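Input: a single structure, listed below in structure tokens.
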Amino acid sequence: MDIKTALEKMVEKLKNTDSAELDAEVLLAFILGKNKEYLFTYPEKELTKIQLSKFLNLIKKRATGEPVAYLIGEKEFFGLKFFVNKNVLIPRPETELLVEEILKVAKDNMTIADIGTGSGAILIAGYKSMSSYSAKKRSLRLEFMATDISKKALAVAKKNAEFHKANIKFFQGDLLEPVKNKQIDIMTANLPYLEKKDKKNLRFSEEIGLKFEPKQALYSGKDGLDAYREFFKQVAKLSYQPKFILIEFGYKQTAKLEKIIRSNLNKIKIHLKKDLGGFDRVMVIELFDDSY
Ligand SMILES: C[S@@+](CC[C@H](N)C(=O)[O-])C[C@H]1O[C@@H](n2cnc3c(N)ncnc32)[C@H](O)[C@@H]1O
């Protein structure tokens with residue numbers, strides 16, 4: 001069977017998903033070890049039996065809702081390639097906003113820590129942008145650390161850091177526990193913030209896709225805010241208070257989250273940032289020294 005016919009047949013099998021053509025193309029290009037353009041340049045090229053059976057196998061998995069990123073083992077984020085597997089959340093486009101905000105607040109000689117780093121996407125994207133910036137300006141000297149409660153997630157983050165030559169120290173542990181004695185200037189976190197029932201605003205395919213992602217990366221108690229509740233409690237106890245905390249959250253959580261933050265921290269300014277859909281998505285919390 002040639003490429004064009006195989007694609008047509010497989011798209012038909014994916015008709016219940018909402019990006020059938022694109023998904024089939026990405027999966028076939030992955031199997032052939034080529035880019036998508038190759039498929040359109042050589043539509044008449046015959047697939048071997050093995051290639052065809054691999055393609056069918058991935059299409060069957062995709063038809064059950066398994067995300068393409070897990071099937072091909074990678075996802076693009078902030079223009080960079082990240083390895084992913086079922087032990088990490090697939091980095092989301094809306095999280096790029098968090099990276100953009102980190103780049104705005106990072107200054108020379110700061111230490112940045114990403115809590116709940118998953119694939120490492122946030123910090124590695126930040127690192128890459130800042131190191132190209134500092135290469136030009138020869139100024140920024142930053143230290144980077146990342147934590148996660150999941151050892152398996154950290155293994156993926158380390159692989160990504162190695163791939164991108166990002167100099168990041170990784171620690172395993174519960175929230176701030178592994179870094180509580182370090183002087184951290186910028187803390188970033190995209191902790192789990194979904195409540196199990198909260199699926200109303202997801203597209204059907206996204207909702208199915210969530211079933212394949214680690215629960216520990218997605219859900220956090222009845223209102224989705226347990227992880228942030230504990231996180232800010234721990235921040236309040238730090239002897240060295242960060243200058244900035246940047247977090248991603250669910251748009252319906254703004255008021256409740258702000259209350260949690262203000263009940264733990266004094267002298268702060270909260271800057272709300274909206275995602276491309278116009279929803280509150282990121283908080284930049286500026287902390288002022290209240291020791292005098
Ligand atoms: C929503 S995912 C975000 C992953 C990644 N930062 C991103 O934005 O793509 C949340 C991450 O927090 C980690 N996590 C959950 N609870 C944690 C805790 N108590 N301490 C540290 N990490 C935790 C999960 O393992 C997961 O990797």
The stretch 27-115: GluC sites (Glu not before Pro) in DSSP loop, at most 10 other beta carbons within 10 Å: 44
Report the charge-dipole magnitude of the chain in Debye, nearest 20, computed about the Cα centre from +1 at each Lys and Arg Cβ and -1 at each Asp and Glu Cβ. 440
Subtracting the Cα-Cα distance of residue 215 and residue 48 from 0.36 nm times their residue separation yields 56.3 nm
Candidates 161, 255, 106: whichever shows maximal mean-square fluctuation once the chain is modelled as a Gaussian network with Cα springs under 10 Å: 255
Over the stretch 159-248, relative contact order from alpha-carbon pairs under 8 Å, at least 6 apart, %: 44
Output ³J(HN,Hα) for the stretch 85-98: one whole-Hz value per residue in order, computed from phi by the Karplus curve 6.51 cos²θ - 1.76 cosθ + 1.60 with θ = phi - 60°, and x for Gly and Pro. 9, 5, 8, 10, 5, 6, x, 9, x, 5, 6, 4, 4, 4
Using only the alpha carbons of the chain, determine the length spanned along each of the three principal axes and report them from longest to shortest in whole angstroms. 75, 46, 33
So what J values fall out for the stretch 30-36 if you push phi through Karplus, 6.51 cos²θ - 1.76 cosθ + 1.60 with θ = phi - 60°, rounded to Hz, Gly and Pro as x? 4, 5, 7, x, 10, 8, 5
Pick out which of 179, 88, 11 has the largest mean-square fluctuation in a Gaussian network model of the chain, springs linking Cα atoms closer than 10 Å. 11
Residue among 79, 116, 65 with the largest mean-square fluctuation in a Gaussian network model of the chain, springs linking Cα atoms under 10 Å: 79
Express in nm, to one decimal, how much length is gained between residue 169 and residue 57 on full extension, taking 0.36 nm for each residue of separation and deducting their alpha carbon distance. 36.5 nm
So what is the relative contact order of the chain, in percent, for Cα pairs below 8 Å that sit 6 or more residues apart? 15
In Å, the Kirkwood hydrodynamic radius from C-alpha pairs for the stretch 171-292 sits at 15.5
On a 25 Å Cα-Cα criterion, which of the cross-link pairs 15/152; 9/54; 36/75; 34/75; 104/165; 9/49 come out too long? 15/152
Interchain or sequence-distant (5+) residues whose placed amide H lies within less than 5 Å of the amide H of residue 2 are 47
Using amide H atoms built 1.01 Å from N in the peptide plane, name the residues 5+ places from residue 188, or on other chains, whose amide H lies under 5 Å from its own. 113, 114, 115, 246
Under the rule of at least 5 residues apart or a separate chain, name every residue whose amide H is placed under 5 Å from the amide H of residue 169. 144, 145, 146
Cα axis of helix 226-236 to longest principal axis of the chain: angle in degrees, 0 to 90, nearest 10? 30
Whole-Hz couplings from phi, Karplus 6.51/-1.76/1.60, listed for the stretch 152-162; x for Gly and Pro: 5, 5, 4, 4, 5, 4, 5, 4, 5, 5, 5
The base-10 log of I(q)/I(0) that the Debye equation returns for the stretch 5-145 at q = 0.10, 0.13, 0.19 Å⁻¹, one scatterer per C-alpha, is -0.47, -0.69, -1.04
Could you tell me how many degrees, from 0 to 90 and to the nearest 10, lie between the Cα long axis of helix 3-13 and the main elongation axis, the longest principal axis, of the Cα atoms of the chain? 70
With just the Cα atoms defining each centre, how far is the stretch 152-180 from the stretch 55-110? Give it in Å. 16
Specify the inter-centroid distance of the stretch 3-33 and the stretch 241-292, based on alpha-carbon positions, in whole Å. 42
DSSP bridge orientation in the stretch 75-287 - percent antiparallel, rounded to nearest 5: 45
Identify, among 80, 40, 260, the residue whose Cα sits farthest towards the positive end of the charge dipole of the chain, taking +1 on the Cβ of Lys and Arg and -1 on the Cβ of Asp and Glu, with the dipole about the Cα centre. 260
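FYI, it's all coordinate maths here, none of it is from the lab. In this text, all values refer to a predicted model and were calculated from it rather than measured experimentally. Positions of Cβ are backbone-derived with ideal geometry, glycine not excepted, and every protein chain shown enters the neighbour counts.
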